[in-house]
């Protein structure tokens, strides 16, 4: 079970404590003080409790519906910062590829996660100075950039006994207004203030993941009662999450020594819609195979589902660091929720001209 939980922490953490995987003794042998029935002796009770501890030991202590809410929030949060640009004032275009993840919960106790989300995008941005007109009213179009982003990718993979199947997709459109132009403090990009930029747009993200963890042949140490081994047992975990949000952001930046750009800002997110459905199914057998536990049999079972909606609004601060190589840029961007325990990180590579 620990492999399952480690895999889920690295990908999508396990569901809620309220949906414990149940263990029931189906045969308590005479050698353990039983009479060959499910009526437990003290020894068989101890073995069952050891099995329960192993399969449920690291499961987050939140309800399945609350966890679904956390996944909804995190699925949207994972995309923040991928659909716009915060570090470059390009003249013609920019193209970037990015991958991000978000976590909701106490980072000091990741096994108690309330939700996690994934998101990726390929983003193309163009400066509106390319249009045949210079102004609309008194607004200069060169101060506006338009971004389009999309991505769909398959997450299928096998990680030892853990099988992942599914996909994630994203679609977005953003606009950036260079509200206050940047200025050189020391010429030649040795030290430049990037001015103030305002960002908004629309972002949609979806995540569908089916996970199956095989428990077959994993062992449980039953102490003086011997040991028990999982037979043909598995845990299946399915997530279907869809979110849509409108971000409002303000940012600024500093570029130093040409190579480094540090940017920061604040964002307010209006979440138009978002919902997550979760299904958990576990089944299988466990048998005592050594010592006095020989002949012990038990079954595992869980069949639960839940759903949760995204929070209507959220606020966050963000910070990013970009490494500038001629034409090519590499960056990492972090979002921190304000008033909640959300953390998101995305990283990417872009070409700017």
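What's the extension gain from residue 294 to residue 254 if we count 0.36 nm per residue and subtract their Cα-Cα distance?
Difference between extended and current length: 7.6 nm.
How big is the Kirkwood radius of the range 89-151, worked out from every pair of different alpha carbons and given in Å to one decimal?
14.6 Å
Could I have the simple spin-label model distance between residue 30 and residue 173, label points 7 Å from Cα toward Cβ, reported in nm to one decimal?
7.8 nm
Between residue 152 and residue 193, what's the calculated FRET efficiency when r is the beta-carbon distance and R0 is 35 Å? Round to 0.05.
0.40
Stretch residue 159-residue 186 to full length: gain in nm at 0.36 nm per residue minus the Cα-Cα span?
4.6 nm
Rounded to the nearest 500, what is the chain's calculated 222 nm mean residue ellipticity when only DSSP H runs of at least 4 contribute -39500 (n - 2.57) each, over all residues?
Here the helix-only value at 222 nm equals -3500 deg cm²/dmol.
Taking the chain on its own, what percent of its Cα-Cα pair distances exceed 33 Å?
41 percent
Classify the range 285-327 as rounded, prolate or oblate from the Cα gyration tensor: take a ≥ b ≥ c as the square roots of its eigenvalues, call it rounded if a/c is under 1.5, otherwise prolate when a/b beats b/c and oblate if not.
oblate
Run a plain Debye calculation on the range 232-284 (Cα atoms as equal point scatterers, no solvent) and give log10 I(q)/I(0) at q = 0.25 Å⁻¹, rounded to two decimals, same order as the q list.
Here log10 of I(q) over I(0) equals -0.95.
Would you mind checking the tilt of helix 42-56 against the longest principal axis of the Cα atoms of the chain, expressed as 0 to 90 degrees and rounded to 10?
Taking Cα atoms only, the helix is inclined about 10 degrees.
Under the definition of Cα pairs under 8 Å and six or more residues apart, what whole-number percent is the relative contact order of the chain?
Relative CO of the chain lands at 19 percent.
Stretch residue 22-residue 108 to full length: gain in nm at 0.36 nm per residue minus the Cα-Cα span?
Extending this stretch completely gives an extra 28.2 nm.
Specify, per residue and in Å³, the volume enclosed by the convex hull of the alpha carbon atoms belonging to the range 179-319.
182 Å³
What shape does the range 259-323 take by its C-alpha gyration tensor, where a ≥ b ≥ c are the square roots of the eigenvalues and a/c under 1.5 counts as rounded, a/b above b/c as prolate, and the rest as oblate?
Taking the square roots of the gyration eigenvalues as a ≥ b ≥ c, the range 259-323 is oblate.
Measure of size requested: the Rg and Dmax of the range 119-253, with Cα atoms as the atom set and Å as the unit; please supply both.
25.4, 84
Using alpha-carbon positions, what is the distance between the centroids of the range 310-353 and the range 211-268, in Å?
Spelled out, the Cα-based centre of one part sits 17 Å from the other.
Values quoted throughout were computed directly from the atomic coordinates according to the rules given, and no laboratory measurement underlies them. Predicted model only: the values in this text are computed from it and were never measured. Backbone-built Cβ (ideal geometry, glycine too); neighbour counts: all protein chains shown.
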